[in-house]
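Only the coordinates and a few stated rules stand behind these numbers; no lab work does. Not measured: the values here are computed from a predicted model. Glycine gets a Cβ as well: all are built from the backbone with ideal geometry, and neighbour counts include every protein chain shown.
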Amino acid sequence: MAETVAERIAREVGERIVSGELAPGTPLRQDHIAEEFDASHVPAREAFHLLRSRGLVVNLPRRGVRVSPLDPASVQEIVEIRAALETLALTLAAPRMNAACFDRIEKALLAGDQAQSMVDWERANRAFHSELVAPCKMPKLLSMLDDLQLANSRIIFSATRSAGWKPGSSHAHRQIVTALKKREFERAVSLLRAHIRNLERTAGEAPG
């Protein structure tokens, strides 16, 4: 299905927020966005609604629409919600995994291992987590996780800007996959929960 104007605006502005090009608290004017994308106010307003639903912007009384904060409380909320929902999705997905599922997961792992930049690694990381839960076959849950993954990526980019990017280890990801292949489903879910919650610690340790 073709991307609507509102979806394109939300995607491009969302990428700027995730990468840190638009910092927390930056004001966003609907008329400016409409002008930049040569669009009417209607798709610009719809794009803002999409960005709010993804947790990337907030609408503050008397202050208008601004990029969402990324303070410790916000990070903790994102991590805890994601830990709850993604482990639920994996619990449902794990028994349904087949060879084709594992092939797609392995491709995402390989892409992460071969990443030469933070952008490449983050894209591979997002693909890994998406493929991990895809077999759950619950569209609404997967859509919610897609939005949470954007917020997760924003945390990663923020921590990396402070600490500097280095090629990361996929050890945690491989532990999860190994447990799944052994059909140790409870262990895989436990490993995933710990992996997600580790993001909060990582973000908290980054200076700045």
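Assorted remarks:
- Charging the Cβ of each Asp and Glu at -1 and of each Lys and Arg at +1, and nothing else, the dipole of the chain about its Cα centre rounds to 580 debye.
- Debye-formula intensities of segment 105-155, expressed as log10 I(q)/I(0) at q = 0.29 Å⁻¹, are -1.07 (one equal scatterer per alpha-carbon, no solvent).
- The helix-only estimate of mean residue ellipticity at 222 nm for the chain, built from DSSP H runs of length n ≥ 4 each weighted as -39500 (n - 2.57), is -23000 deg cm²/dmol after division by the residue total.
- In whole percents, the pair-distance distribution calculated for segment 14-81 from its alpha-carbon pairs, binned every 5 Å from zero, is 4, 17, 25, 28, 16, 6, 4, 1.
- Between the beta carbons of Asp103 and Ala23, assuming R0 = 30 Å, the FRET efficiency works out to 0.15 to the nearest 0.05.
- Beyond 31 Å, the tail of the calculated P(r) for the chain holds 23 percent of the Cα pairs.
- Label-to-label distance for Asp147 and Leu60 is 2.2 nm, based on points extended 7 Å past Cα in the beta-carbon direction.
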